[in-house]
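Attaching a single structure in structure tokens format; questions to follow.
Laboratory data are not the source of any read-out in this text; all were calculated from the coordinates shown. All values derive from a computational prediction rather than experimental measurement. Please note: Cβ atoms are built from the backbone with ideal geometry, for glycine as well, and neighbour counts cover all protein chains shown.
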Amino acid sequence: MVAFRSTEASGRPTGLLFRCVLYSLLALALIIVDKRFDHLGKIRRLLSVVAYPVQIAVASPFEGWHWFRDSVTTRDALRADKTRLEAELRVAQFRLQRYEALEAETVRLRALRDSTAGVTERFVIGDIMNVDLDAFRERVLVDKGAGDGIYVGQAVLDSGGVFGQVARVGQLTSEVILVSDPAHAIPVQINRNGLRTVAVGTGDINRLKLPYLPTSADVVAGDLLVTSGLGGGFPAGYPVGTIAEVKRDPAQSLADVDVKPAAALDRSKELLFVWLKPQAAELQPAPKPTPVPKK
Amino acid sequence: MMRETRIRRMPMALSALVALALAVLPLPAVLDAFRPDFLVLVVFYWCIESPRAGGLSLAFFSGLALDVIHGVVLGQHALALTLMGAWATNLRLRIRVFSMLSQCLVVFALLTGYQFVLFWVDGATGNPVTTFSRWLAPFIGALLWPVLIGVMGKVHER
């Protein structure tokens with residue numbers, strides 16, 4: 001079987017070793033500079049613009065199919081949707097009736113305690129682009145970037161709860177790391193009793209864990225976990241998940257707690273990027289909340 | 001000679017672009033770990049087929065594109081692809097006379113080396129990915145090699 005046809009392969013490529021060493025050193029230098037210093041942010045942003053057409057080209061057939069399916073839905077399906085949405089809206093409005101008053105009260109109470117942590121100021125909606133990033137890390141690409149004011153570390157929510165945070169920003173796109181990524185941790189508290197802890201991703205999209213709770217901790221399956229707002233990255237009070245299972249081994253000092261994420265990590269299409277209100281400097285006894293300039 | 005080189009670059013760039021698109025094509029999460037490194041196979045093919053057309057430059061810049069698209073530390077895939085591309089170029093005369101089975105084995109070794117460099121850089125930069133499934137890609141890639149050669153041969157004939 002003759003697989004290769006060309007004859008010039010017998011010719012010696014000029015300076016193979018030289019080029020190999022040159023490119024390898026260049027790559028090593030890139031790795032070190034990118035890891036140790038922050039100078040490559042601009043270059044990466046530019047490169048991500050170059051990669052954008054490829055990502056668009058891959059995502060567009062799927063977008064086209066979605067558009068096609070949306071435009072040919074039947075009247076019955078639309079009516080069913082309408083009825084369902086109206087019912088949901090009714091419930092939502094009912095719940096919303098007291099929201100304004102409650103928010104005002106929260107802000108007032110927080111002001112009394114010199115903390116404004118966790119009050120959201122504004123948000124922007126981004127669409128998840130239909131491309132796969134690394135298979136071994138839980139990340140998604142979203143079509144909002146530095147041009148829309150997105151910054152690294154920004155909190156990202158979906159309609160169910162906390163989705164993740166921004167890991168990297170390009171000019172037109174940004175990468176969001178999911179709460180289920182093994183490298184992600186988020187400060188949470190149990191809504192029932194205010195117990196504070198940290199929820200860590202597992203790499204499994206349907207499971208988080210609470211590795212730092214003692215076996216004696218007051219936690220039962222079904223408890224709601226909300227963000228505690230500590231650390232300042234996430235707004236306080238948004239649902240992170242519900243406790244799925246608590247395993248207590250008397251021989252261990254720490255309990256084994258599984259959490260089911262509240263956000264639809266594998267199904268959401270639209271995400272909310274949240275800006276927090278300027279915070280008073282934390283851990284400093286300040287007489288008044290002094291606003292810091294916005295990021 | 002000059003004319004030949006100019007003609008040869010076009011399928012090279014095109015096949016690399018297509019492979020890059022395949023690398024980000026959305027797959028169900030279950031299949032994602034089984035995705036072969038298409039772009040790496042294409043780079044190996046060109047390193048073996050026409051080493052003087054700049055296979056190593058192709059390797060470096062393809063690697064850079066993978067770094068950007070995967071969102072990992074810049075230079076990781078570039079380093080792995082450059083080293084393995086150079087090895088493939090060095091082995092090209094032997095690979096060309098190998099039977100298909102031996103070719104697949106060599107490609108498997110190259111792909112494993114590629115994964116190993118990625119693994120090492122992952123660890124050195126502090127984001128180790130220790131799941132066993134990352135070592136599946138070389139298997140799938142090696143199985144795909146005969147198909148790739150057939151397709152690329154057709155492309156190259158045009």
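Simple spin-label model, 7 Å along Cα-to-Cβ: residue A:108 to residue A:17 in nm?
A separation of 8.1 nm, rounded to one decimal place.
For A:151, B:45, what ranking results if the residue with the fewest other Cβ atoms within 10 Å of its Cβ goes first?
Values: A:151 12, B:45 26.
Neighbour counts put them in this order, fewest first: A:151, B:45.
What is the fewest-to-most order of A:246, A:142 by other Cβ atoms lying within 10 Å of their Cβ?
A:246, A:142
I've got another one for you. Could you tell me what a quarter of the Cα convex hull surface of the range A:185-264 works out to, in nm² with one decimal place?
5.0
Going through the DSSP H helices of chain B, which span 27 Å or more along their own axis at the Cα atoms while scoring at least 0.0 as a mean Kyte-Doolittle hydropathy?
Membrane-span-like by this criterion, though nothing is claimed about a membrane: B:2-24, B:76-97, B:100-124, B:136-157.
Between residue A:272 and residue B:155, how high is the FRET efficiency from 1/(1 + (r/R0)^6) when r is the Cβ-Cβ distance and R₀ = 41 Å? Nearest 0.05.
The pair residue A:272/residue B:155 has a calculated efficiency of 0.40.
Let me ask something additional. Would you mind giving the mean number of other chain beta-carbons within 10 Å of the Cβ of each residue in B:47-58, as a whole number?
Across B:47-58, the average partner-chain Cβ count within 10 Å equals 5.
Hey, which of these cross-link pairs are over 32 Å Cα-Cα: A:35/A:144; A:42/A:269; A:82/A:247; A:42/A:209?
Values: A:35/A:144 24 Å; A:42/A:269 28 Å; A:82/A:247 43 Å; A:42/A:209 36 Å.
Pairs exceeding the cut-off: A:82/A:247; A:42/A:209.
Go ahead and run the numbers for FRET between residue A:32 and residue A:242, Cβ-Cβ distance against an R0 of 60 Å, rounding to 0.05.
Working: r = 43 Å, r/R0 = 0.72.
According to the calculation, E is roughly 0.90.
Compute the length gained on full extension between residue A:76 and residue A:125: take 0.36 nm times their separation in residues and subtract their Cα-Cα distance, giving the result in nm to one decimal.
Stretched out fully, the residue A:76 to residue A:125 stretch lengthens by 14.7 nm.
How well do other chains shield peptide B:79-90, expressed as the mean number of their Cβ atoms within 10 Å of each residue Cβ?
4
Report, as an integer, the average count of C-beta atoms from other chains found within 10 Å of each Cβ along A:27-37.
6
Can you spot the aspartates and glutamates whose alpha carbon is less than 13 Å from residue A:260's alpha carbon? Ignore those fewer than 8 places along the same chain.
A:204, A:223, A:245
Sticking with this structure for a sec: For the range A:121-224, which trypsin sites (Lys or Arg not before Pro) are both in a DSSP coil and crowded by at most 12 other Cβ atoms within 10 Å?
Here no loop site has a sparse enough neighbourhood.
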